[in-house]
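See below for the structure under consideration.
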Amino acid sequence: MEVKTSLLDNMIGVGDMVLLEPLNEDSFINNLKKRFDHNEVYTYIGSVVISINPYRSLPIYTPEKVEEYRNRNFYELSPHIFALSDEAYRSLRDQDKDQCILITGESGAGKTEASKLVMSYVAAVCGKGAEVNQVKEQLLQSNPVLEAFGNAKTVRNDNSSRFGKYMDIEFDFKGDPLGGVISNYLLEKSRVVKQPRGERNFHIFYQILSGASEDFLCKLKLEQDFSRYNYLGLDSAKVNGVDDAANFRTVRIVGFMDHETQSVFEVVAAVLKLGNIEFKPESRVNGLDESKIKDKNGKMRLVEICELTGIDQSVLERAFSFRTVEAKQEKVSTTLNVAQAYYARDALAKNLYSRLFSWLVTRINESIKAQTKVRKKVMGVLDIYGFEIFEDNSFEQFIINYCNEKLQQIFIELTLKEEQEEYIREGIEWTHIEYFNNAIICDLIENNQTGILAMLDEECLRPGTVTDDTFLEKLNQVCATHQHFESRMSKCSRFLNDTSLPHSCFRIQHYAGKVMYQVEGFVDKNNDLLYRDLSQAMWKANHSLIKALFPEGNPAKINLKRPPTAGSQFKASVATLMKNLQTKNPNYIRCIKPNDKKAAHIFNDALVCHQIRYLGLLENVRVRRAGYAFRQAYEPCLERYKMLCKQTWPHWRGPARAGVEVLFNELEIPEEEFSFGRSKIFIRNPRTLFKLEDLRKQRLEDLATLIEKIYRGWKCRTRFLLMKKSQIVIASWYRRYAVRLIYMWNSVIPKAFYMFALFGTFVFEAQECCLGGSQGSILIIAHRSRSSVLLLIQF
């Protein structure tokens, strides 16, 4: 890590945590706080950028700032997200290395804004031209659409991404963008039908009701009143500072025709109306209850849905009352009770919306994909959920935290790999680094036989009665002795009397801390079951988009094989993502939110401490410092510190490495504190660097005093010489003037007086050409002299 002096500015805090002394949790937080108070929201951990959300606009993202960081070394200027973006882009363009930028942090920490800043910086510094600008515009336009359909207001963030996004931006050999590919992960589709108190559904529902014209709403059979729709959170329908109507007008789906946009909003309207269909039980002859639509209002909503989507009303209504089970060649129709009907309704709404979102991503990819088949350079940007520890943690948090365990694993592996490769490249002896390997936690979750996900799938596929409790019992049997698994009913005697764990919960010791999960809902959410009758009803719709969203509903393609579970799908997606990331050079942005109030100028130490722990930032610093904390090329090192040695100051004539060796020997730095690589000097302890900086600071003060002294002497001498020169010039001019004046009085003027007295103006005028510019003066003098002569004659 090559360090600039601004990173060591004690007035605003250390800019690189690798150089922090002493290193502990308190000093880490205090340093972040000091920098935050001075509007320094970025701090480094080596090449990792810590970004603290300021909750306000700062003048540090201007075009001038972009130019300031353009083509500059990473540590040359103060920490900034532009420095990381520029480093990644230049490595991709000049060194032909595919890059990825991983942005993590909890909701409200500023991940989405960070990804926008990365993309906007790259767009600003890459090539120009009509075609290139069109590609850049398309890439940037994908953000508002994905935010509208994938973001929502939560208690922690008014614009929280409720999905993970990975975007590969493709470049040509010159570094100009050609296109991109977006992958989405784990959309929080449960939010479509239910939101926690104080939160909202996805933005698009509120935007369309607030911003669409009356004619457009009439076509969609919608009303502007939020309270008319059961799926919209009524307690937080309006958000201070958010203009849903204006945001709706900015949503333009890239590459979509008008009729396609109309189809998208018809599906959105259908989802909204599904929530207003309610059911009631109706007894049958066989004694079983059958669900029926409750009232005329519900039937009216059903009719409107069918008119919007082209679905046969009788087919959809029957799908809410009956379920067809197929086994080999037999079909059995069973009734749905009210609870099952509500489950079917909500499952349909969630599947409609989540499949629409995936379809939108696919269509956007078609619009922004590269049109050439030549080999491309790739920069990936990952914006995904950070580690989540809530009061109530369910299946979603379990999956999210599993993904973060994998990201932490790849971070450690790639960081150590990068360190080891540099040591080998520089000929430095490799020192084994002690660190916590979270592979054991990943194995607990993803092992194909004994992993939690595998056992959850096994329970979901098992015939008979399957509940969340039976799943927990299985976990207790298989994971009882695992050192990172805890349960109240575990056979492991260590936790048998742990009353802090409810009976329906289990706890995992993640790398970021302990998290307690409630098993309620694990089985249903993993099954992610949509009754076949509903899939077939959607496929039969006279609506091309809805038909495309449910290909499994085609009777000609009946597949009795059970669809993959949500957990297994996400596990496969994470494996693909990790494989993709391992082929690229990683760059990390760790986002932190300073407070829960979404307020500027407030730094909550406890909250920041919590995030530091689960992001593993201290662990990151220790890994970076385990070998050599500081490294720098010989040329800039000699240039910076040569003033500390008489032999190297002011000019060293010889190789830079030899100069650094002479310098370090002169300063008597212990040999165990540094090593000489092929092109760099490696310093083990930050204290050694601080000593060098202190010596340099003192030397600069001495040199400043010397320079001031020399300058004052030079200024005095220069002033004296200037005055001396001026005196000589003035004296010279005066002497010339005096001589000319004497000459005129003794020679020219007496003759002129005499001639003028005898011949008057005629003779004087004849001599004008000889007198030059003195004519006026001589004329005056002549008149005065003539008067004097006349006076003398009279006397």
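Of note:
- When VAL361, VAL338 are screened for being modelled with pLDDT of 90 or more and within 30 Å of LEU92 (Cα to Cα), only VAL361 passes.
- Checking SER333 against (1) of a type in the set (S, T, N, Q); (2) in contact with a strand residue (DSSP E or B) (Cβ under 8 Å, 6 or more places away or on another chain); (3) under 20 Å from LEU220 (Cα atoms), the condition it does not meet: (3)
- From the list GLN569, GLN611, the lone residue that is under 24 Å from the mean Cα position of the chain (by Cα), surrounded by 13 or more Cβ atoms within 10 Å (Cβ to Cβ), polar (S, T, N, Q) and under 30 Å from LEU456 (Cα atoms) is GLN611.
- Note on the range 676-692: residues that are assigned to a strand (DSSP E or B) and surrounded by fewer than 19 Cβ atoms within 10 Å (Cβ to Cβ) total 1.
- Residues that are among the small types (Gly, Ala, Ser) and not in a loop (DSSP other than H, G, I, E, B), drawn from the range 443-465: ALA454
- Tally, over the range 183-239, of residues that are part of a loop (DSSP other than H, G, I, E, B) and among the hydroxyl-bearing types (Ser, Thr, Tyr): 3
- The selection criterion, being over 28 Å from VAL621 (Cα atoms) and surrounded by 13 or more Cβ atoms within 10 Å (Cβ to Cβ), does not hold for GLU701.
- So ARG35, is it without any contact (Cβ under 8 Å) to a residue 60 or more places away in the chain, of a type in the set (Lys, Arg) and crowded, with 16+ Cβ neighbours inside 10 Å: yes
- Search result, residues across the range 437-457 that are within 16 Å of PRO564 (Cβ to Cβ) and exposed (fewer than 14 other Cβ atoms within 10 Å of the Cβ): ASN448
- Counted residues, the range 39-52 - those being touching a residue at least 40 places away in the same chain (Cβ under 8 Å) and in a loop (DSSP other than H, G, I, E, B): 2
- Residue match in the range 545-555 (condition: aliphatic (A, V, I, L, M) and closer than 18 Å to THR324 by Cα): no
- GLY567 vs. criteria touching a helix residue (DSSP H, G or I) at 6+ places or on another chain (Cβ under 9 Å), of a type outside the set (Lys, Arg) and farther than 22 Å from ASN30 by Cα: yes
- LYS406 vs. criteria assigned to a helix (DSSP H, G or I), crowded, with 20+ Cβ neighbours inside 10 Å and either in contact with a helix residue (DSSP H, G or I) (Cβ under 7 Å, 6 or more places away or on another chain) or without any contact (Cβ under 8 Å) to a residue 40 or more places away in the chain (or both): yes
- Qualifying residues in the range 1-37 (those that are under 29 Å from GLU635 (Cβ atoms), in a helix (DSSP H, G or I) and touching a helix residue (DSSP H, G or I) at 6+ places or on another chain (Cβ under 6 Å)) - the one modelled with the lowest pLDDT: LEU8
- Looking across the range 53-68 at every residue that is in contact (Cβ under 8 Å) with a residue 24 or more places away in the chain and out of contact with any strand residue (DSSP E or B) (no Cβ under 8 Å at 6 or more places or on another chain), the one that is farthest from GLY105 (Cα to Cα) is identified as PRO63.
- Condition check for GLY654: within 21 Å of ARG684 (Cβ to Cβ), among the small types (Gly, Ala, Ser) and not in a strand (DSSP E or B): no
- Yes/no for VAL145 being outside any loop (DSSP other than H, G, I, E, B), surrounded by fewer than 19 Cβ atoms within 10 Å (Cβ to Cβ) and not polar (S, T, N, Q): no
- Residues in the range 369-389 that are assigned to a loop (DSSP other than H, G, I, E, B) and within 23 Å of the chain's Cα centre (by Cα) were compared, and the one that is farthest from LEU187 (Cα to Cα) is LYS369.
- Among (1) surrounded by fewer than 17 Cβ atoms within 10 Å (Cβ to Cβ); (2) in contact (Cβ under 8 Å) with a residue 12 or more places away in the chain - the single one LEU77 does not satisfy: (1)
- For THR718, the stated conditions do not hold, so it cannot be described as among the β-branched types (Val, Ile, Thr), surrounded by 10 or more Cβ atoms within 10 Å (Cβ to Cβ) and in a loop (DSSP other than H, G, I, E, B).
- Within the range 480-503, the presence of at least one residue that is modelled with pLDDT of 85 or more, hydroxyl-bearing (Ser, Thr, Tyr) and buried (at least 19 other Cβ atoms within 10 Å of the Cβ) is confirmed.
- For GLY175: the one exception among (1) surrounded by fewer than 23 Cβ atoms within 10 Å (Cβ to Cβ); (2) of a type in the set (Gly, Ala, Ser); (3) in a helix (DSSP H, G or I): (3)
The values are calculated or read from the model by the stated rules, or taken from the named source; none is laboratory data. These figures come from a predicted structure and were not determined experimentally. Don't worry about glycine lacking a Cβ; one is built from the backbone with ideal geometry, like all the others, and counts go over all protein chains shown.
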